[in-house]
Amino acid sequence: MSSDGVKHYTDAAKRAMDWHSEKKREIKKQRFDTIAVHGVYSMQEALDFNQGSIIEPIYMSTSQSYRDSDEMEAALSYQIPTWCYSRIANPSMYYLEGTIALLEGYGTDVETSCIATASGMAAIQSAVDQFLTLDKNDPDKPMNFVATTQVYGGTFQQFAVRKEEEKGIEWRKVTRSNDLDDWASRIDENTRFVYGELPSNPGLAFFNLKAVIDLAHSRGVPVIIDATVATPALIRPIALGADIVIQSVSKTMTSSGFGIAGAVISRKNIDSKYLPQEAKDDFCTYLKLLPNRDNGPTISPMNAILTLNDLRTIRSKVDIMSQTSMKVATFLENHKNIERVEYLGLKSHPLHKLASEYMYLVDSEHDDQYGKPVNRYGHLLSFCVKGGHQNTRDVFDAFQMIWRATDLGRIKSVATIPAISTHSQQGEEGRKAANIPDNLIRLSIGAEHADDIIEDLNRALSVLDGKKVYTTAPEYSAGGSSSALLRKKR
């Protein structure tokens, strides 16, 4: 082994890292849209390493080859950046991670890092598990985490079953997320982290984010926020003091629906007495090089680039879909067959004023179209149909343009009934705690024209007036190579 040879590579790596650090400082000065379009992929990198490709290449490779044993030693001991194996890192993943980290830290001087995962659920597990380890000095010491009940169904299951039921880790449930006392009463010296989702899926719950962050930090507890529904185009929790952000990148960030992905984004220097020092210093890099290296929940290179390509226009898409959602919510609010509408943009919503303090279209004040800060409330809304569960199913079955699926954040409008789909596993009691009745339809608004979405909703709601409406259902041919569509009367 040649120490001089290893030093040659570590010195070269330091020069490269210094250049990249300076480049990132320059990128942080750019506007949100520019960062989303270009990310961390520079013209110099394209010319030096990627044949001048103006679009980030997909590195469909499992591993990296090394020039000699010295470079391999330096790389595998993490003395230099490396793409040693795509379970750990890959250039395509790096392009996505660097871009998301910059978008989440936009408008701040906070240094952020990101690790992309194979799904949003993998991102949640990757983040929270690091805080739920035994205290080596006191292995019998109890531990708990504090989190809202108004969360995505998969998150509820991970907390209630995988953590609490199977591992005996106490989930202290906040049922009134906008009541600061509810949070305060549950945090104690054994609380490992505080977790919230806002706006929540599907009920659009919202809380005073800054107040919850300040409360948790006053007690030395880090804060994790799932901001999937908002995306960094509307809310950036790290700018408000949050330590870690979760994104189910499969959703709005990958609006095309071509890939499944998740991301953990963190600030540097997290304050936690339960993390090792290297995790406090740089949580996401620690995840990448150690726990996730061993556990393997990494995103694929193909999904990384598919996501990155969708991400380039996130601000304009969120703006358009938010405006359309506002029109749809207003229509539903005034419909005779609707019991109530959950959309934070409606002035009648009890959390409208609070949400308006937080949810702004990023850079709208620098936009020639607006020239001032503009509130936007996202693409997700929910509504309750009058007459109970069967009426709700009848309306749902009558959609002809809105897709019936468990997806959200698509460029196409998609609806589901959470009680029988995304939140069915948590049971009636769990849904009651999360305020998800069985007559609630979750609607994710796409980029279609508002008039056409409203027409489809109006047509479907008319089934409750005894009008004939037809829906399509597939009948598969015996050969299995094609299908015929039957029209089913409702």
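When each of V212, V223 is tested for being under 16 Å from I124 (Cα atoms) and in contact with a helix residue (DSSP H, G or I) (Cβ under 8 Å, 6 or more places away or on another chain), the lone residue that passes is V223. Within the range 352-398, restricting attention to residues that are polar (S, T, N, Q) and assigned to a helix (DSSP H, G or I), the residue that is nearest to I411 (Cα to Cα) is S364.
For the criterion of being of a type outside the set (F, W, Y), surrounded by fewer than 19 Cβ atoms within 10 Å (Cβ to Cβ) and on the phi < 0 side of the Ramachandran plot, A355 fails. Applying a threshold of 8 Å to beta carbon distances and a minimum spacing of six or more residues, or different chains, the list of pairs starting in the range 368-388 at a residue that is farther than 26 Å from F206 by Cα and ending at one that is at pLDDT below 95 and part of a loop (DSSP other than H, G, I, E, B) reads G387/N439.
This table checks each residue for (1) assigned to a helix (DSSP H, G or I); (2) over 19 Å from the mean Cα position of the chain (by Cα); (3) surrounded by 24 or more Cβ atoms within 10 Å (Cβ to Cβ).
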| residue | (1), (2), (3) |
| --- | --- |
| M253 | yes, no, yes |
| I260 | no, no, no |
| S272 | no, yes, no |
| C284 | yes, no, yes |
| R293 | yes, yes, no |
| L308 | yes, no, yes |
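Against the conditions (1) at pLDDT 95 or above; (2) over 13 Å from the mean Cα position of the chain (by Cα), M121 satisfies every one except (2).
Within the range 211-245, being acidic (D, E), crowded, with 24+ Cβ neighbours inside 10 Å and more than 11 Å from the chain's Cα centre (by Cα) holds for one residue alone: D243.
The single condition among (1) out of contact with any strand residue (DSSP E or B) (no Cβ under 8 Å at 6 or more places or on another chain); (2) assigned to a loop (DSSP other than H, G, I, E, B) that H349 does not meet is (1). Within the range 406-429, the set of residues being surrounded by fewer than 20 Cβ atoms within 10 Å (Cβ to Cβ) and at pLDDT 95 or above comprises I411, K412. If the condition is being within 14 Å of D129 (Cα to Cα) and in contact with a helix residue (DSSP H, G or I) (Cβ under 9 Å, 6 or more places away or on another chain), then the range 161-196 contributes R162, K163, I169, E170, W171, T191, R192, F193, V194, Y195.
Residues in the range 178-210 that are crowded, with 24+ Cβ neighbours inside 10 Å and among the hydroxyl-bearing types (S, T, Y) were compared, and the one that is farthest from P418 (Cα to Cα) is Y195.
Okay, residues lined up against (1) touching a residue at least 60 places away in the same chain (Cβ under 8 Å); (2) not polar (S, T, N, Q):
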residue: L289; (1), (2): yes, yes
residue: N295; (1), (2): yes, no
residue: V328; (1), (2): yes, yes
residue: I338; (1), (2): yes, yes
residue: K347; (1), (2): no, yes
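Candidates are the residues of the range 73-93 that are in a helix (DSSP H, G or I) and more than 27 Å from the chain's Cα centre (by Cα); the one that is surrounded by the most Cβ atoms within 10 Å (Cβ to Cβ) is A74.
For every residue, the table says whether it meets (1) within 26 Å of R442 (Cβ to Cβ); (2) in contact (Cβ under 8 Å) with a residue 60 or more places away in the chain.
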| residue | (1), (2) |
| --- | --- |
| A122 | yes, yes |
| A127 | yes, yes |
| L134 | no, no |
| K141 | no, no |
| V151 | yes, yes |
| S177 | yes, no |
| P199 | yes, yes |
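To keep it simple, each residue is scored yes or no on (1) outside the structural domain of A419 (by TED's automatic domain parsing); (2) among the β-branched types (V, I, T); (3) more than 29 Å from Q277 (Cβ to Cβ).
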{"position": "N144", "(1), (2), (3)": "yes, no, no"}
{"position": "A147", "(1), (2), (3)": "yes, no, no"}
{"position": "V151", "(1), (2), (3)": "yes, yes, yes"}
{"position": "T155", "(1), (2), (3)": "yes, yes, no"}
{"position": "R172", "(1), (2), (3)": "yes, no, no"}
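Cβ-Cβ contacts under 8 Å between residues 6 or more apart (or on different chains), taken from a first residue in the range 1-24 that is free of Cβ contacts under 8 Å to residues at least 24 places away in the same chain to a second residue that is small (G, A, S), are listed as K23/S42.
Evaluating I441 against the criteria (1) touching a Gly at 6+ places or on another chain (Cβ under 7 Å); (2) modelled with pLDDT of 90 or more; (3) closer than 16 Å to I338 by Cα leaves one unmet condition, (1).
Has the range 59-72 got at least one residue that is assigned to a helix (DSSP H, G or I), among the charged types (D, E, K, R) and not assigned by TED's automatic domain parsing to the domain that holds E104? Looking for residues that are assigned to a helix (DSSP H, G or I), among the charged types (D, E, K, R) and not assigned by TED's automatic domain parsing to the domain that holds E104, one finds at least one in the range 59-72, hence yes. Checked against the criteria, K317 does not count as surrounded by fewer than 17 Cβ atoms within 10 Å (Cβ to Cβ) and either outside the structural domain of E448 (by TED's automatic domain parsing) or out of contact with any Lys or Arg (no Cβ under 7 Å at 6 or more places or on another chain) (or both).
The values are calculated or read from the model by the stated rules, or taken from the named source; none is laboratory data. Please read all numbers here as calculations on a predicted model, not as lab measurements. Because the Cβ atoms are built from the backbone with ideal geometry, glycine has one as well, and the counts that use them run over all protein chains shown.
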